[in-house]
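Any read-out appearing in this document is the output of simple, stated calculations on the displayed coordinates, not a laboratory observation. Keep in mind that what you see is a predicted model, and the values were worked out from it rather than measured. Quick reminder, even Gly has a Cβ in these numbers, built from the backbone with ideal geometry, and neighbours come from all protein chains shown.
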Amino acid sequence: MSALDENIAKLAPHLARIGKSGILNHIAGKPVPAAAGAWFDTTSPIDDSHIARVARSDASDIDAAAQAAKAAFPAWRDMPAAERKRILHAIADGIEARAEEIALCECHDTGQALRFMSKAALRGAANFRFFADRAPSARDGQALPSPTLMNITTRVPIGPVGIITPWNTPFMLSTWKIAPALAAGCTVVHKPAELSPWTARILIDIAEDAGLPPGVWNLVNGMGEDAGRALTEHPDIRAIAFVGESKTGSAIMAQGAPTLKRVHFELGGKNPVIVFDDADLDSALDAVLFMIYSLNGERCTSSSRLLVQDTIADDFETQLAARAKAIRVGHPLDPATEVGPLIHEAHRKKVMASFDTARTEGATIAAGGTRVGDTGQFVAPTLFTHATNDMTIARDEIFGPVLTSIRFSTEEQALNIANDTAYGLTGYVWTADVTRAMRFTEQLEAGMIWVNSANVRHLPTPFGGMKASGIGRDGGDWSFEFYMEQKHIGIATGDPKIPRLGT
Ligand code: NAD
């Protein structure tokens, strides 16, 4: 039996089980269908086959979940942090125990290749452990004594929060948002993406098996325009942590305005990777390929614009095209596969529309530019060369395995091109000149920058974007800043010397 057949066989019982039960909501500790009895279907982008029917929720389901989160909040907030820490570690244990199942289901639901998804499940567990360990210090503050007061600060959890996640790496992203919220002492209503709802269901089962009290974490499935919108408008939901498209972020900000929602946004990107001619070009080539073609290019931090110095551009682009053509596109459960199918037919069509745009705009398609096969949502890893930064293919987020290469001659030009974008999520700089690296990164408009490296996440560091790429930061203590309220308490240390009126 091939490794692919073995993985398909391992997936089969999970597929049969979810097909039978459907993907239910989870409210106040109980799996429930949508109150109105509505459903939608989730399918696999591998072959468009049916996976399961999914609860199609509306504002009444969101209200039930928000009420459950509100009711569970005081006890969760007041639970000793050491106990919350123990439960979050138990969730991480549960994720590790079911990592293979999670990876297989995620691949089938999203089309992401197993070689990356097996690590994503473990990253999810690492997120829980990281924030579990920080739970006991989440409330710590400072002592800021003044001549008449002992001023102390403390933090308290903000209350029930809404978490809305996208479809690209749904399991990892859900853990990334939910773990710090729970560690801070907040309760949660999670609305996963309608295109990949499966592993969010597994995750909440793991959490409650690990001893998470009912109502602390609630799951509501449905469309963005109804369930998502209702969550952002609900008066008992104190904050919204959202990962998704920039235009959805704008909509959520408007929807949340009447209830003064605190928002945290991780949005889109059109991230530059800048390769100077003095760089280690072999490593730069590997990194450029990895950061656009891994995870099907459906990755917010992908380096989708290559800025390459003209002195090395011919050779660099030739090598890139050869390697892009050699990337193995195939079934995501085949361990050899590097690029799987895109999430959905509509998304494949959107990605493929960029091929026509590239031709119309006068760029060269140096690799790919085609669909792969007649079934499933596969496209060939694609490279556009001879592009300029004013072209649509250099401006719009394509969110697929599609790289746009733009040439520059001077450092100043590279910086102008890099910053000439609506987005500001990540930037990658390749140069052997450390002074230039310092100078360039100082002026590059991006929330996260790597020099001579691909994107390597270190959980204590801040994660987030500038400009249209986001508001706020996750990671380390930054996550707690969002999920908690900062309080100041001033206690008089002597005569309060209060001015006397009306004497
Ligand atoms: P999307 O914005 O279409 O959807 C994301 C989520 O928002 C889904 O759950 C959806 O149902 C919900 N939603 C849609 N409309 C809503 C509304 N009006 N009110 C409330 N919720 C609503 O994004 P997507 O297509 O699922 O994901 C791809 C996008 O996510 C890309 O732009 C990508 O760059 C971005 N992304 C960003 C990061 C980051 O960390 N910056 C990480 C991953 C993905």
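Within the range 321-338, find all residues whose amide N lies under 13 Å from a label point positioned 7 Å from the Cα of D47 along Cα-to-beta-carbon. Under 13 Å, as judged by backbone N against the label point of D47, lie 331-333 of the range 321-338. Helix 310-326 sits at what angle to the longest principal axis of the chain, using alpha carbons and giving 0 to 90 degrees rounded to 10? Tilt of helix 310-326: around 90 degrees.
You can think of it this way: the chain between D226 and K20 has 71.6 nm of extra reach, that is 0.36 nm per residue less the Cα-Cα gap. When only Cα pairs below 8 angstrom with a gap of at least 6 residues are kept, the range 272-451 shows a relative contact order of 28 percent.
Taking every Cα-Cα distance in the range 144-256 and sorting them into 5 Å bins from zero, the calculated P(r) comes out as 2, 11, 22, 22, 17, 9, 5, 4, 4, 3, 1, 0 percent. Find the relative contact order for the range 1-88 and round it to a whole percent, using C-alpha pairs within less than 8 Å whose residues are 6+ positions apart. It rounds to 23 percent for the range 1-88.
In the chain, which longest range has no trypsin sites (Lys or Arg not before Pro) that are both DSSP loop (not H, G, I, E or B) and surrounded by at most 10 other Cβ atoms within 10 Å? In the chain, the maximal stretch lacking such sites is 1-496.
Radius of gyration (Cα atoms) of the range 272-451, expressed as a multiple of 2.2 N^0.38 Å: 0.99. Per-residue 3J(HN,Hα) values for the range 389-397, derived from phi via the Karplus relation 6.51 cos²θ - 1.76 cosθ + 1.60 with θ = phi - 60°, read 6, 8, 6, 4, 5, 9, 10, 8, 6 Hz in sequence order (x marks Gly and Pro). Estimated at 0.36 nm per residue, the fully extended path between T410 and D374 surpasses their Cα-Cα distance by 8.5 nm. The spacing between the range 64-96 and the range 363-423, judged by their C-alpha centroids, is 44 Å. Within straight-line reach of K487, meaning a Cα separation under 22 Å, sit the following lysines at least 8 residues removed in sequence or on another chain: K70, K261. In percent, rounded to a whole number, the relative contact order of the chain is 18, using alpha-carbon pairs under 8 Å and six or more apart. For V429, the residues whose amide H sits under 5 Å from its own are I274, W450, V451, N452, S453, ignoring neighbours fewer than 5 places away on the same chain, with H placed 1.01 Å from N. Estimated from the Cβ-Cβ distance and a Förster radius of 41 angstrom, the FRET efficiency linking T153 and V434 is about 0.60. When the Cα centres of the range 306-341 and the range 16-35 are compared, how far apart do they sit, in Å? What the calculation gives is 41 Å, centre to centre.
For a Förster distance of 22 Å, can you work out the FRET efficiency between the beta-carbons of T441 and T388, rounded to the nearest 0.05?
The calculated FRET efficiency here is 0.35.
Ordering L383, G22, S283 by Cα displacement along the dipole of the chain toward the positive end leaves G22 in first place; charges were set at the Cβ atoms of Lys, Arg (+1) and Asp, Glu (-1). Past 23 Å, Cα to Cα, is the threshold; run K177/K247; K10/K350; K177/K467 against it and keep the listed order. In this structure, K10/K350 lie more than 23 Å apart at Cα. At full extension, D495 and F40 could sit 157.1 nm farther apart than now, given 0.36 nm per residue minus the alpha carbon distance. For M466, the residues whose modelled amide H falls within less than 5 Å of its own, excluding neighbours fewer than 5 places apart on the same chain, are G424, L425, G447.
For A367, the residues whose modelled amide H falls within less than 5 Å of its own, excluding neighbours fewer than 5 places apart on the same chain, are L383. Projecting the Cα positions of V308, L444, T421 onto the charge dipole of the range 272-451 (unit charges on Cβ atoms of Lys, Arg, Asp and Glu, taken about the Cα centre) puts T421 furthest along the positive direction. Take the Cβ atoms of L144 and K487, set R0 to 22 Å, and the FRET efficiency comes out at 0.95.
Extending 7 Å from the Cα toward the beta-carbon at both E100 and A336 defines two label points whose distance is 2.2 nm. Enclosing the Cα atoms of the chain in their convex hull gives a volume equal to 173 cubic angstrom per residue.
To the nearest 20 debye, what charge dipole does the chain have about its Cα centre, counting +1 at the Cβ of each Lys and Arg and -1 at the Cβ of each Asp and Glu?
1560
Each residue of the range 437-453 is assigned a 3J(HN,Hα), and the resulting list reads 4, 5, 5, 5, 5, 4, 9, 6, 8, 8, x, 9, 10, 10, 10, 6, 7 Hz, derived from the Karplus form 6.51 cos²θ - 1.76 cosθ + 1.60 (θ = phi - 60°), x at Gly and Pro. Per-residue 3J(HN,Hα) values for the range 215-230, derived from phi via the Karplus relation 6.51 cos²θ - 1.76 cosθ + 1.60 with θ = phi - 60°, read x, 5, 9, 10, 10, 10, 8, x, 7, x, 5, 10, 5, x, 4, 4 Hz in sequence order (x marks Gly and Pro).
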